[in-house]
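Where a number appears in this text, it was derived from the coordinates with a stated rule and is not lab data. All figures in this text were calculated on a predicted structure; none of them were measured in a lab. Virtual Cβ from ideal backbone geometry, glycine too; neighbours counted across all protein chains shown.
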Amino acid sequence: MGDSTTNTLTELPILPVRAADSHKGDYGKVLLVGGSRGMSGAIALAGMACLRSGAGLVTLAVPDVCLDVIASFEPSYMTVPLPCDERGRLSVVAQEQLAELADSATCIACGPGLGRSQRVTDLVAWMYEVLPQPIVFDADALYALSERHDRLDDPAGPRILTPHLGEFKRLVGDDQIDRQQAELFAAQFAIRRRVVVLLKGHRTVITDGRRSAHNQTGNPGMATGGSGDVLTGVIAALIGQGLAPFEAARLGAHVHGLAGDLAAAKLGMTSLIASDIVAYLPAAFSSLDRPEHEKA
């Protein structure tokens with residue numbers, strides 16, 4: 001199955017060159033869905049990373065009780081309040097409003113800080129099955145999808161799932177698999193569900209079941225809360241700028257890890273936090289444009 005047909009890739013995708021007469025609408029309208037009371041920072045990190053990764057317009061759809069806090073992190077993204085429950089988690093009542101927001105979105109990402117509830121699960125399952133736009137699912141959105149194993153075979157559009165090993169075990173319903181087995185299962189899962197899987201960890205693997213790549217950047221200092229939220233924002237931005245989901249996941253993992261490496265070189269691994277990764281994204285992207293012999 002996936003293991004016998006997968007081609008291993010090494011050459012990185014590249015972003016299209018920006019035209020001199022381009023405008024913000026040319027670089028994607030990205031919609032990020034997430035946040036909940038007590039976890040406002042996660043979706044804010046994803047939004048900031050999305051902006052620093054080149055998205056033209058970024059909108060964060062968040063619980064109304066969190067909107068002011070989330071808006072205060074960064075003036076360059078927009079925020080939209082959505083209905084939530086008594087614990088500050090998005091409600092399935094938000095579905096109609098999300099459908100309207102999605103209509104104008106180039107790409108969507110869902111999960112950072114989302115929280116867990118039956119209503120959240122229903123909302124995430126609806127997004128997976130109904131919305132045609134490319135969607136990146138991470139964090140609590142993956143937990144929601146794991147609750148709906150029987151609903152994953154028919155995505156309405158391109159889907160990128162970014163689990164760590166524990167989240168992937170839950171997705172496949174097998175808590176005994178090790179890392180090596182998980183990489184094989186990831187290829188099989190991807191081709192069966194027609195999705196891209198980015199299995200996070202040391203030497204993150206990206207696969208669509210036919211092609212695969214191992215990421216070579218990153219360091220243990222990135223094992224810190226919010227790092228995955230940053231990656232979600234990076235990948236969504238790259239899709240918004242025209243990369244296909246598999247290519248966006250590959251380049252996103254590389255740049256995310258490279259930003260972490262640059263941050264660790266200056267700050268050390270022990271003190272590295274997720275916002276440092278965001279801060280070093282510009283340097284990481286800039287290094288992609290430099291000839292190999294000029295790179296430090």
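Oblate is the label for segment 195-247, because the ratio a/c of its alpha-carbon gyration tensor axes (a ≥ b ≥ c) is 1.5 or higher and a/b is not greater than b/c. Over the Cα atoms of the chain, the radius of gyration divided by the Kirkwood radius equals 0.94; this is the Rg/Rh ratio.
Taking amide H atoms as placed 1.01 Å from N in the peptide plane, the amide H of Leu32 lies under 5 Å from those of Thr59, Leu60, Ala61, Ala109, each 5 or more residues away in sequence or on another chain. Structural descriptor for the chain: relative contact order 21 percent, calculated from alpha carbon pairs under 8 angstrom and at least 6 residues apart.
Taking each DSSP H run with n ≥ 4 as -39500 (n - 2.57) and averaging over every residue of the chain yields -13000 deg cm²/dmol at 222 nm.
Just report the Cα centroid separation between segment 183-240 and segment 149-182, whole Å. Cα centroid to Cα centroid, the span is 12 Å. Candidates Gln216, Ala55, Ile235 compared by Cα position along the dipole of the chain: farthest toward the positive end lies Gln216, with charges placed on Cβ.
Only helices reaching 27 angstrom along their own axis (Cα) with mean Kyte-Doolittle hydropathy no lower than 0.0 count here, and for the DSSP H runs of the chain these are 245-267. Sorting 32-42, 181-191, 65-75, 107-117 by their mean Cβ neighbour count within 10 Å, with the most densely packed peptide first, gives 107-117, 32-42, 181-191, 65-75. For the chain, the dipole from Cβ point charges (+1 on Lys and Arg, -1 on Asp and Glu) about the Cα centre works out to 380 debye, to the nearest 20.
Ordering Lys200, Lys24 by the number of other Cβ atoms within 10 Å of each residue's own Cβ, fewest first, gives Lys24, Lys200. Applying the Karplus relation 6.51 cos²θ - 1.76 cosθ + 1.60 with θ = phi - 60° to segment 60-73 yields 3J(HN,Hα) values of 9, 9, 9, x, 4, 6, 9, 4, 4, 5, 5, 5, 6, 5 Hz, where x marks Gly and Pro.
Taking amide hydrogens as placed 1.01 Å from N in the peptide plane, the amide H of Gly115 sits under 5 Å from those of Asp140, each at least 5 positions away in sequence or on another chain. Net charge of the neighbourhood of Leu9, taken over other residues with C-beta under 11 Å away and scored Lys/Arg +1, Asp/Glu -1, is 0.
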